[in-house]
Amino acid sequence: MSKTKTMPTLDLGARPRRVSRRALLSSVPALGGLLLTGCSRDTFVPPMVRGGLIGIADVLTMSTNRLLLSGQPLAREYQPSDIAPDFPTWGQTNPRDEKYQRLLRAGFADWRLPVSGLVERPLSLSLDDIKRLPSRTQITAHVCEQGWSAIAQWTGAPLLQVLNAAGGVTSGARYVVLDTVDGWYEGIDMFEVVHPQTILAYRMNGDDLPIGNGAPLRLRLERQCGYKNLKFLKSIQVVDSMADFGKGTGGINSDWGFHWYAGV
Amino acid sequence: MRNAERAEAQTCVTGREDSVVTSERSRAGTKEWIARHSYNVRICHWINVIACGYLLVSGIHIFLDFPELYWGHTGYQGYPAIFKLSDWGISWDDAGAMGNRMWGRNYHFTFAWVFLINGLMYVGWNMVTGQFRDRMLPRRDELTLVNLRADLRDHLRWLARKRTSTTSYGTLQKTSYLLLIFVFVPLLTLTGLAQSPGFTAAMPALLDMFGGRQSARSLHTIGTVLLVLFVVVHVLEVLAAGAFNRVRSMITGKHPLPEEGL
Ligand code: HEM
C-alpha cells in the first residue's frame, strides 16, 4: 500500500489492475474462464472444508457449480410485472442497536460504510457516495434456503465499483467480508465479487431500501441463497483469509452449520 | 462356489430360458441355485436404498421448516398456496418444531451426491454390458394386451410370483423399473436442481421447464410422494414374490430354483 496517497477521491475511471484483471478473466467464456480461474482453489473449495461425507459433498457441489458458472452468466432477470406484492421480511427486521436507531432517525445522513483491509486506499463511504457510483438495477428472485422465493427490483452499486472506489484490492486479497449492524458477517470469494449482479443495494422496487429489507444498504448475491444476502451492512473489509473470523468457516451461517457456498 | 460366481455373469435375470443352472451342494444340501443379481446391481441397489432413506428423511425436515407449496416463481408465507400443511391439522409452528432445515439441507445435498454417483455407476454398468436390454426391455411377445392384462390381474391378486420367474423379471416389473430409472428419477433430480440459485443461473432453461422455482419445489415434493408409493408397492411385490428368497438374492446374488420349476 502506498503511503504517499492522499485522501481518497472517487476515481471511477481508473480500474485498479488486480480487480480488472479478475473481471477480465471472469468475462472469458466457459473454457477460458475455467482454465484461468482454475488456478485459484478459492473458486472451487470453501474456506474451511467440513469433515466426512458432508465436506466431500460441499466441495463437489461448489466445484460443479463453479465449473458450470465459469462463464459468469447472469442469474435470471424478471419483468416488472413479476415483482412480488409484499416481499417478505425475514430474520432481523429492525436492529435494536442504539447507534443504528440514531442513524435511522437522521435518515442515514451520517451513516458511513468503511471499506478497509487489502485495498489500495481504505476509505469510508457515505450513502450519497455510494449512490454516485455507477449503479445497476436488476429484477431478480430472492431464493431463501427455508424454501420461499420472491421477486423484487434492486438498485445498487456493484461491489466491484465500491472496491474500485477504494483504489482496488491489493495482492493477496481473497475474500470480501461484510459485517452487519446486528453482528452477522459473511465472506464472499472473488468469483462472486467480480460478478455484475453482486451489488450493494440501496433501493428496492424504486424506493429507498425499507428497514425490514436491510436499510440503508444490503448485499445482493443473486446466485446464492438468501442467507448470504446480508442486510443492514455496517462495513466491508478485504482479507486474505477467513481464519480469524468467527469459527473460521467463512461466515456466520456456516459457523452455525449451514453451507458456506450457498448456491444450492 | 467358484462355478456359481462364474455362471453369475451370464445368468442374472437374463430372461433367457437357457440360463445356466448351478448346484451348490457343499453349502445347501441338494438345493439348486441360480445366480439372479450381479455384483453391480446388488451393491448399487443397497447403496441406493440408504441414499433414498437419507434423502427422504432430510427432505421431510426441509419441507417441515416451510410447510406450504406454491406454483410459479414466487411463494412465501401469505402468498396463495397450493398446499398448506396447516389445512391437515399441523400448524406452521408445530411443523417448524419437527423440522430442522440445517440438518436437512446438509444431509439432503450430501446424499443427493451419493444417489447421483451411485445411480450413474449403476446405469453406466448396465448400459455398457447391455443388461438393461437383456433384463429389462420387454420382449415383443410380452407386450401383447393379453399378457399385460394377465400380468396386471395376477399382481392385483397378490400373485406377483406367478409373473416373475426365477430367471426373469415380469413384464410390468420390467416396465416399472425402466420408467423409474429413465423417466422418473431424472425428472425428480431436475426438479431438485431447478430450486438451486447457482444451478439455475447456469441453466435458466430449468426454470422454464418447470414453470419456476416454486413449481419445481412443488413437483419435487409430489414426485417424492410418488417415489414413496413406488417403494411401498415395490416392497409389497417383493413380499408377494417371496420376500426371503428375493431379498436374499439381492444380497448374495443367488436364488434357489423352485422344485416345481417356475
Ligand atoms: C427397503 C427397501 C427395499 C427393498 C427391501 C428392496 C428389495 C428389492 C429386491 C428384493 C429386488 C429384486 C427383485 C427381484 O429379484 O425380482 C429389488 C430390485 C430393484 N429395486 Fe428395490 N428394494 C427396496 C428399495 C428400493 C428403492 C428405494 C428403489 C429406488 C428408488 C429400488 C429400486 C429397485 C430397482 C430399480 C430394482 C431392479 C434392479 C435391477 O435389476 O437392476 N428399490 N429391490
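Using a Cα-Cα cut-off of under 16 Å, which aspartates and glutamates could be cross-linked to B:K254, ignoring same-chain neighbours fewer than 8 residues away?
B:E5, B:E8, B:E24, B:E32
Mind running the shape call on the stretch A:83-139? Use the C-alpha gyration tensor, a ≥ b ≥ c as the square roots of the eigenvalues: rounded below 1.5 for a/c, prolate if a/b tops b/c, oblate otherwise.
Values: a/c = 1.95, a/b = 1.26, b/c = 1.55.
Oblate is the answer for the stretch A:83-139, as a/c is 1.5 or above yet b/c matches or exceeds a/b.
In a solvent-free Debye calculation with one equal scatterer on each Cα, what is log10 I(q)/I(0) for the stretch B:2-256 at q = 0.10, 0.12 Å⁻¹, listed in the order of the q values?
Here the Debye-derived log intensity ratios amount to -0.62, -0.83.
Run the paramagnetic zone check for A:L53: 7 angstrom along Cα to Cβ, then residues of the stretch B:43-65 with backbone nitrogen under 13 Å.
Those under the cut-off are B:46-58.
Quick one: compute a quarter of the convex hull surface over the Cα atoms of chain A and quote it in nm². Kindly include the intermediate steps, with their values, before the conclusion.
Details: hull surface 56.2 nm².
Taking a quarter of the hull surface, the average projection is 14.0 nm².
In deg cm²/dmol, rounded to 500, what helix-only [θ] at 222 nm does chain B give when every DSSP H run of at least 4 residues adds -39500 (n - 2.57) and the total is split over its residues?
Values: 12 runs with 161 residues, N = 262.
That calculation yields -19500 deg cm²/dmol at 222 nm.
Which number comes out as Rg/Rh for the protein assembly as shown once both Rg and the Kirkwood Rh are worked out on C-alpha atoms?
Values: Rg = 28.5 Å, Rh = 26.2 Å.
Here the Rg-to-Rh quotient is 1.09.
Between B:D134 and B:T189, what is 0.36 nm times their sequence separation minus the Cα-Cα distance? Round to one decimal in nm.
Values: separation 55, 0.36 × 55 = 19.80 nm, distance 2.62 nm.
Fully extending the segment from B:D134 to B:T189 adds 17.2 nm.
Return the long-range amide H neighbours of B:F83 (sequence gap of 5 or more, or a different chain), with a cut-off of under 5 Å between placed amide H atoms.
Here the answer is B:L69, since their amide H atoms fall under 5 Å of that of B:F83.
Can you flag which of A:K131/A:K231; A:K131/A:K234; A:K99/A:K231; A:K99/A:K247 are past 23 Å Cα-Cα? Can you show the working numbers first?
Values: A:K131/A:K231 17 Å; A:K131/A:K234 16 Å; A:K99/A:K231 16 Å; A:K99/A:K247 27 Å.
Violating the 23 Å Cα-Cα cut-off are A:K99/A:K247.
Using mean Cβ contacts within 10 Å as the protection proxy, how do B:229-235, B:214-220, B:46-52, A:246-252 order, highest first? Let's see the in-between values first.
On the way: B:229-235: 12.7, B:214-220: 23.6, B:46-52: 15.9, A:246-252: 20.3.
In descending order of packing, they fall as B:214-220, A:246-252, B:46-52, B:229-235.
Bear in mind that the values in this text are calculations on the coordinates, not laboratory data. What you see is a predicted model, and the numbers here were worked out from it, not measured in a lab. Using ideal geometry, Cβ is built from the backbone for each residue, glycine included, and neighbour counts are taken over all protein chains shown.
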